[in-house]
Amino acid sequence: MAVPATSPTPPMSFGATDFDPLEPYGSMRAQQALFDVRPPASGYDEFVDAAGDVRPAWQELADCVRERGRDGLARLRAAVRGLVDNDGITYIQVDRHGEAITDTDGTAVPGPWQLDALPLVISAPDWDRLEAGLVQRSRLLDAVLTDLYANRRSITSGVLPPQLLFSHPGYVRAARGIEVPGRHQLFLHGCDISRARSGEFLVNADWTQAPSGAGYALADRRVVAHAIPDLYEQIGPRPASPWAQALRLALVDAAPESAEEPVIVVLSPGIHSETAFDQAYLASVLGLPLVESADLVVRDGKLWMRSMGTLKRVDVVLRRVDAEYADPLDLRPDSRLGVVGLVEVLRRGAVTVVNTLGSGVLESAGLLRFLPELAEKLLGETPLLQTAPLYWAGIDIERSHLLAHLAELLIKPVTGGDPIVGPELSAAQLESLGARISATPWQWVGQELPQFSSAPSDFLPGGLSSASVGMRLFTVSQHSGYAPMIGGLGYLLAPGTTAYRLKTIAAKDIWIRTPTRVTAEKIPSTVTADLTAPDVARLPAPATSSPTQEVSSPRVLSDLFWIGRYAERAEHMSRLLTVTRERYHEYRYRRTMAGSECVPVLLTALGAITGTDTGAGADYAEMVATAPTTLWSLTADRHRPGSLAQSVERLGLAARAVRDQMSNDTWMLLSALERALLYGPDTPPDSKAEGDAFLASTSTQALAGMLALSGVVAESMVHDVGWTMLDIGKRIERAQGLTALLRATLTTVRAPDAEQTITESTLVACESLVIYRRRNPGKSSVAGVAELVLFDAANPRSLVYQLERLRAHLKSLPGSSGSSRPERMVDEIAARLRRIAPADLEDVSADGARDDLDKLLSAIHRDLRELSSVITAIHLSLPGDMQPLWGPDERRVVP
């Protein structure tokens with residue numbers, strides 16, 4: 001689903017009228033009463049009937065819109081945007097070739113998910129027809145998939161031309177003979193459906209490769225239900241969440257028979273996938289680990305998940321990686337998203353991958369053309385859900401029709417590729433396309449253009465309007481059939497001809513009406529209609545323990561480690577930027593005062609910590625002139641190494657990579673931080689006052705956000721090995737930041753007034769000034785500073801406190817011996833501290849430097865960097881040794 005960065009100008013919106021659009025509409029057409037627009041010229045209207053009256057299913061929503069008025073709708077839009085941001089619902093934009101649109105540095109930056117505040121309401125009778133047709137279509141595609149990779153009766157009987165199978169990129173030759181345990185080979189089915197002018201539901205596309213959108217559908221329901229709880233309670237739509245329980249049950253049932261307690265994982269392409277949120281959210285709802293290829297490995301003919309130096313057997317993989325990328329050994333050799341040897345493990349029946357490899361062939365437009373015939377051949381049934389008429393150019397009479405109506409059709413190559421929209425083509429392009437079709441007619445299918453109904457939308461600029469809508473519905477296999485999600489992912493179509501490619505601009509929650517109001521989130525009879533009684537009994541409840549509960553791969557632990565580091569880095573930087581900016585404003589016109597020396601010292605500290613040029617070496621006048629630009633860059637420029645914005649951006653990326661590990665409250669805080677730092681102006685405003693206000697507000701907001709995030713991490717995350725690794729990263733970063741700051745500010749002796757200002761500024765950045773003043777009233781002492789921030793084990797900001805936490809954490813890691821290299825390194829750093837008394841650090845050399853302090857801080861800083869590298873090598877890196885894929889006594893035979 002592609003969502004543009006900016007919404008297009010809507011074709012219909014509020015304007016000047018002769019009537020009040022919020023006036024009760026007893027005597028007026030309902031459409032005119034609620035919309036200051038002309039009703040759509042063509043297409044089915046979901047909201048009103050042919051007489052202009054509101055359809056019964058929409059009555060409560062119409063009343064709600066009328067009562068809220070324009071101001072209420074504006075507040076509703078803002079509430080939905082806020083909830084989307086707070087939940088961290090994102091989407092990575094892609095170009096027409098499916099490649100992520102990246103920033104100037106090559107990073108795919110996720111944008112906010114676009115969600116219409118008003119739901120798409122479906123009546124109970126309409127849903128009954130949809131459900132029956134959808135379940136039947138899933139059964140039909142399952143039968144086709146089973147046949148195509150087994151005895152191929154559909155081809156040998158002459159129903160399906162063989163070239164339509166073997167030429168499609170979704171057909172995987174290596175998958176022949178691989179079977180999913182149970183009665184069904186098609187596990188998960190997504191189906192794009194819209195309503196024709198006649199009111200009939202038509203299928204526009206089937207998604208069987210690795211269907212996306214179910215996670216978004218569940219997240220959308222959460223947002224919209226929270227945004228309009230009164231309307232949600234009034235309408236009482238049937239819940240969608242029980243479908244997740246059915247999905248989890250199906251995953252358990254899909255495990256090989258030998259698996260007593262199946263370990264199930266969700267295989268993701270990674271955070272740069274356009275639907276990374278969808279994958280992570282679904283994994284979180286299911287309570288399953290979200291893994292990437294680096295987390296999995298084939299050993300001894302089985303699939304394993306790496307976990308803290310050990311391997312955990314994997315039984316079921318919910319695949320979100322396209323089949324051709326799933327195994328670089330048997331499939332696409334340049335893939336870095338798959339697992340080497342996975343196909344062979346599948347052949348042995350040692351793991352189940354769903355959807356199964358090769359299921360993408362069901363998305364073929366050529367196969368879609370023959371689906372009615374296949375339904376009669378394989379099931380003896382007629383499809384209840386129809387598709388728009390298709391014409392295969394491999395049949396003479398259909399080719400003639402296709403060529404004669406190129407400008408009115410959607411042209412799809414059966415060998416894969418983007419559809420061609422006939423109405424967009426020039427005369428020359430139509431002629432060229434016609435020649436290509438005539439040259440290789442079997443490669444082309446023409447389809448009548450999709451038809452879309454319209455429904456109320458509050459997403460487009462200008463207010464309430466009518467917009468074209470479609471929906472993606474989902475089913476999952478069960479023992480005795482398929483269970484549909486009650487609802488699904490609705491969407492607004494882009495204006496113009498791009499809608500024919502199913503190009504969308506926003507999502508829409510789908511509310512299914514029921515004659516009997518549902519007052520609790522329970523499994524309705526319609527969800528369990530395809531489940532036997534034993535199936536329902538086995539629906540998994542939240543477990544107190546799970547085979548995957550303690551599993552953390554090196555990749556996951558590495559991301560958590562860097563979450564701790566980036567969070568602490570951002571907190572430290574926000575404090576240091578704040579105190580530097582305050583001292584700059586205090587002394588920029590008081591150069592003669594001794595305390596003004598603190599400004600270049602603090603700028604030097606910023607340069608030392610970030611490794612960038614902060615202009616501190618220039619003369620005072622030049623420094624004053626460039627300091628505002630420097631402070632702006634260090635705050636808001638996410639491309640500058642070590643900047644506050646860069647730390648927040650990388651914190652967000654690392655957190656999204658392990659979304660299934662993080663508390664829901666995390667996203668509310670991260671989203672606010674990203675809005676403040678990543679979506680602001682790229683350059684400083686012309687007004688210095690505005691620039692100063694922006695920096696002050698941003699730094700304060702960043703600090704408040706990081707403190708809140710620290711509290712969420714401490715109080716809302718389970719203190720397992722993942723949290724431990726996060727806190728290890730935090731402690732290393734805090735210790736490194738402390739040693740770098742003290743070395744940049746306190747190792748050179750200065751005049752007493754300057755020394756006091758610099759010392760106090762340093763303590764502010766260390767969050768230790770208040771206790772320092774209480775212990776050292778009226779005096780400035782380096783020994784006193786060292787006593788507090790280096791040696792005081794009761795101060796959470798001190799170096800020795802960080803070392804104690806690191807020692808405890810390293811000892812608690814699985815496999816710790818008490819004398820591992822990281823533990824020994826921490827002990828050596830602590831021993832180095834114990835050998836020095838705080839008073840010794842006051843000593844000054846002939847050249848005015850505190851050499852002992854400088855040497856101590858330099859050595860500890862260097863040791864901390866090495867400690868980070870050693871922890872990464874031991875706990876956070878993939879093993880480099882080669883192990884046999886198939887077992888010690890087996891050799892793979894390649895035919």
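Remarks
- Considering residues of the range 645-669 that are of a type in the set (S, T, N, Q) and part of a helix (DSSP H, G or I) only, the residue surrounded by the fewest Cβ atoms within 10 Å (Cβ to Cβ): 666
- Per-region count, the range 181-218, residues of a type outside the set (Asp, Glu) and more than 27 Å from residue 277 (Cβ to Cβ): 12
- Summed over the range 404-426, the residues that are within 27 Å of residue 169 (Cβ to Cβ) and either acidic (Asp, Glu) or in a strand (DSSP E or B) (or both) give a count of 9.
- Criterion applied to 782, 800 was being under 30 Å from residue 585 (Cβ atoms), at pLDDT 90 or above and among the hydrophobic types (A, V, I, L, M, F, W, C), and the one residue passing it is 782.
- The range 628-644 - residue that is within 30 Å of residue 592 (Cβ to Cβ) and out of contact with any Gly (no Cβ under 7 Å at 6 or more places or on another chain) and, of those, surrounded by the most Cβ atoms within 10 Å (Cβ to Cβ): 634
The rows are residues; the columns are (1) under 21 Å from residue 169 (Cβ atoms); (2) touching a Phe, Trp or Tyr at 6+ places or on another chain (Cβ under 6 Å); (3) small (Gly, Ala, Ser).
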residue: 326; (1), (2), (3): yes, no, yes
residue: 346; (1), (2), (3): yes, no, no
residue: 352; (1), (2), (3): no, no, no
residue: 373; (1), (2), (3): no, no, no
residue: 376; (1), (2), (3): no, no, no
residue: 389; (1), (2), (3): no, no, no
residue: 402; (1), (2), (3): no, yes, no
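- Within the range 750-815, helices (runs of 4 or more DSSP H) holding 2 or more residues that are touching a Lys or Arg at 6+ places or on another chain (Cβ under 9 Å): 752-765, 782-786, 799-812
- Pick from the range 820-859, criterion under 22 Å from residue 755 (Cα atoms), touching a Lys or Arg at 6+ places or on another chain (Cβ under 9 Å) and not hydrophobic (A, V, I, L, M, F, W, C), ranking: surrounded by the fewest Cβ atoms within 10 Å (Cβ to Cβ): 848
- Candidates 411, 395 - the one that is within 40 Å of the chain's Cα centre (by Cα), β-branched (Val, Ile, Thr) and either surrounded by fewer than 17 Cβ atoms within 10 Å (Cβ to Cβ) or closer than 23 Å to residue 163 by Cα (or both): 411
- The residues in the range 427-451 that are in a strand (DSSP E or B) and of a type in the set (S, T, N, Q) can be counted, and the count is 1.
- Some residue of the range 670-681 being touching a Lys or Arg at 6+ places or on another chain (Cβ under 7 Å), of a type in the set (A, V, I, L, M, F, W, C), crowded, with 17+ Cβ neighbours inside 10 Å and in contact (Cβ under 8 Å) with a residue 40 or more places away in the chain: no
- Contact map, the range 327-343: residues that are surrounded by fewer than 18 Cβ atoms within 10 Å (Cβ to Cβ) paired with residues that are among the aromatic types (Phe, Trp, Tyr), Cβ distance under 6 Å, separation 6+ or inter-chain. Pairs shown: 332/325.
- Residue identified as touching a Ser or Thr at 6+ places or on another chain (Cβ under 8 Å) and either under 30 Å from residue 292 (Cβ atoms) or charged (D, E, K, R) (or both) among 671, 643, 699: 643
The values are calculated or read from the model by the stated rules, or taken from the named source; none is laboratory data. Only a predicted model underlies this, so the values are computations on that prediction, with no experimental measurement involved. Neighbour counts run over all protein chains shown; Cβ positions are idealised from the backbone, glycine included.
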